[in-house]
1. Listed residues Thr189, Thr203; which is assigned by TED's automatic domain parsing to the domain that holds Glu218, in a helix (DSSP H, G or I) and without any contact (Cβ under 8 Å) to a residue 12 or more places away in the chain?
2. Specify which of the listed residues (Asn378, Asn350, Asn387) is outside any helix (DSSP H, G or I), within 27 Å of Phe451 (Cβ to Cβ) and polar (S, T, N, Q).
3. Cβ-Cβ distance below 6 Å, separation of 6 or more or different chains: which pairs start in segment 572-591 with a residue that is part of a loop (DSSP other than H, G, I, E, B) and end on one that is open to solvent by 30 Å² or more (accessible area, probe 1.4 Å)?
4. For segment 189-218, give me each residue that is buried (at least 23 other Cβ atoms within 10 Å of the Cβ) and away from the ligand (no atom under 16 Å from the Cβ).
5. Which pairs do you get when a residue that is within 21 Å of Val163 (Cα to Cα), found in segment 120-131, comes within reach of a residue that is among the charged types (D, E, K, R) and modelled with pLDDT under 90, reach meaning Cβ atoms under 9 angstrom, with the pair 6+ apart or on two chains?
6. Taking Ser396, is it within 24 Å of Met513 (Cα to Cα) and at pLDDT below 85?
7. Quick one: in segment 219-240, which of the residues that are among the small types (Gly, Ala, Ser) and open to solvent by less than 40 Å² (accessible area, probe 1.4 Å) is nearest to Glu43 (Cα to Cα)?
8. Can you list the strands (runs of 3 or more DSSP E) found entirely within segment 17-63 that contain at least 1 residues being open to solvent by 10 Å² or more (accessible area, probe 1.4 Å) and more than 12 Å from the ligand (Cβ to nearest atom)?
Amino acid sequence: MQSSTEDLEAQKTSERPLVLEWERISFSVKNKHILHDVSGRVESGEMLAIMGPSGAGKSTILDVISKRTAATSGSVTVNGDAGADMSSLASYVEQSDALLGVLTVRETIQYAARLSLDPSTPAGDVRARVETVVSELGLTDVVNSRIGNAVQRGISGGQKRRVTIGSSLVTRPRILFLDEPTSGLDSRTSREVLSAIKSLARTHNILVVASIHQPNWETFALFDKLLLLARGKTMFYGPTDRLDVYLGDGLGCPVPQHANPADVALDVFNTDFLASSAQRETHVDEFATRWAEYASTHGLVREKDEHETLGGDYADDREPRLVRRRKGLAHGVARNLHRTAILMERNVLNYSRNLLAYGVRIAMYVGMGVMLATIWVNLAQTSAKVNDRLSVHFFSVAFLGFMSVAGIPAFLEERQVFVRERMNGLYGPGAYVLANSLVTLPYLFVCVVLFAVISYWSIGLNPGADQFFRFVGVLFLAVYVLTPAPQSAVVAAALPIFVASLAIASFLNGFWMSVGGYFIRAVNLPRFWYYWAHFIDYQTYAFDLLVFNDFHGITLGCATLADGSCFCDYPSSLVSAGECALAGDDVLQSLGIRGISFKLYSAILLLIALIYRALLYVVLVFKT
Ligand SMILES: Nc1ncnc2c1ncn2[C@@H]1O[C@H](COP(=O)(O)OP(=O)(O)OP(=O)(O)O)[C@@H](O)[C@H]1O
């Protein structure tokens, strides 16, 4: 046990230092040139700041060097390897804090640690790591407080920022990218946070690149290097302590005594308020040229031979990729299962505490059970009530389907967390979909059982015990097709905007109702809709199964008219035999579902449920 943890630690810390280099990076979108020939280099243990006025291209260069976005031209290499797998080496802290609101600060950081670590890591090591990060980031006082969400106020914005950073730091990435890590933090906290990052970076040899807006002097001084951009061009690149020299000697804008060189530089390079676009462009071009000349004459452009300081020619060092390959398939499968189990545990915690998303929905199922039980109360077993019985089945399936849209807000919150954690290499869409699909099973089962127990006997559906259990089983499968993630989640994953995904998911639910064969009989549907939509509609199978389950084998009484003749609402095979009654199977015959196979239809329903999950997987693979 211990030895494998040591192996992991040894592997993480004793690996040769990394060198991240980007050379002549240019990036354009729709003919808009956002970055022009930007180069730089950082080594393990160093912290590089990317600064510049608003719109300078800081986030864009960070995206490019972290390989989230491909450059239009230029190269990004790690130890000379342009194909290094950044997701296994790096963690990226985005500007926004994607966290699960119901978890506490400790739980959030602890799950990030557990998801990133080898399964054999002793729990004590995980705890120690978490406590170190918590105390270094000044989160000790709020360690047991919940993050908070729209319903429940939690920790402050600045504390959330630190939790997000902590969730990355605790995984001990070899490279840490931070996009505006200090936004929302006061100057003292900014300094403390960056100082903690620096200390961890030094101790664990982490290479840090951070875009930063307007650091105060002490915060600025924590960085080893600076890349200063304006309108996508390099204004300065080199050790931070050379900035004031360059401003004075190179540009003739000396930094006044006690002034912060970062402030002076941002002032000088901010061209936003010049009158014309041409003026702005000329100004920046002039600065870029002055910098290029100064850098080459003062030796501030780092050349390849400096790589030797890291222990020789690293062109042959393909360590990151080799490490990944050596692990093998069995290790990969075991690790993914381990991560799935951790995600399931976190989901259980999330769902059980998320009263709005999940508690309210249980209440909705109970409320719907009570509604059906009291409105469709005690339906007589007569032919006149056949349509009322059919509507119970239609309504159960359709309404439960509609309620799946209630899962969209919770899914969108989860999706953001998933995107962040996936980008940071903690787990993939497979583990996420599997954990989500498994954890929802008992939750949905409880919901359906509650609904069935409340309504089934009160409505007076087929009294057999087998029929009751089948009713629960079919409804469970139908609800499982859609709730809480799949259909709405597929839509929300593809289009992660609440209002838009709500509208599309609601439209889809309405569509499935229309082609399911209740409002308009399947045989009467226009052929275009019948041949595809009707057959892929989960409501078709769920409705047919519920109706079959209810009507098969029962007899319904018909009305005796004043003239003594018998009237049944559906063609009856029993009347001709002298009985004024309607066989349930006659109703099934009229609906065209007498011969259906219970097993086949259930299997199709299950298949549709699995297809939705496969679709969710595919959408998450390509859209996140
Ligand atoms: N995908 C894109 N399509 C069009 N324009 C883009 C795109 N990405 C970035 N830009 C533009 O490129 C410029 C640089 O954007 P970027 O977000 O990198 O700047 P920034 O320095 O991080 O700004 P801020 O400090 O305000 O966050 C901006 O003018 C932005 O509008």
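The values are calculated or read from the model by the stated rules, or taken from the named source; none is laboratory data. What you are looking at is a predicted structure, and each value in this text was computed from that prediction instead of being measured. Here the Cβ is made from the backbone with ideal geometry for all residues, glycine too, and neighbour counts use every protein chain on show. Heads up: the accessible areas ignore ligands, DNA and RNA and are worked out on the full protein's heavy atoms, side chains in. Shrake-Rupley method; radii C 1.70, N 1.55, O 1.52, S 1.80 Å.
1. Selected residue: Thr203, the only one of Thr189, Thr203 that is assigned by TED's automatic domain parsing to the domain that holds Glu218, in a helix (DSSP H, G or I) and without any contact (Cβ under 8 Å) to a residue 12 or more places away in the chain.
2. On the way: Asn350 fails: outside any helix (DSSP H, G or I); Asn387 fails: outside any helix (DSSP H, G or I).
Being outside any helix (DSSP H, G or I), within 27 Å of Phe451 (Cβ to Cβ) and polar (S, T, N, Q) holds for just one of Asn378, Asn350, Asn387, which is Asn378.
3. Cys580/Thr560; Cys580/Cys566
4. If the condition is that a residue be buried (at least 23 other Cβ atoms within 10 Å of the Cβ) and away from the ligand (no atom under 16 Å from the Cβ), then Val193, Leu194, Ile197, Ile206, Leu207, Val208 are the ones that fit.
5. Between residues of segment 120-131 that are within 21 Å of Val163 (Cα to Cα) and residues that are among the charged types (D, E, K, R) and modelled with pLDDT under 90, the close pairs are Asp125/Glu9; Arg129/Arg172.
6. Details: within 24 Å of Met513 (Cα to Cα): yes; at pLDDT below 85: no.
No, not satisfied.
7. If we filter segment 219-240 for residues that are among the small types (Gly, Ala, Ser), which is where we start, we get 221, 230, 232, 238.
Okay, now just the ones that are also open to solvent by less than 40 Å² (accessible area, probe 1.4 Å), so 230, 232, 238.
Values: Ala230: 24, Gly232: 23, Gly238: 13 Å.
The selected residue is Gly238.
8. Numbers: elements: 19-29, 32-43, 47-51.
The strands (runs of 3 or more DSSP E) meeting that bar are 19-29, 32-43.
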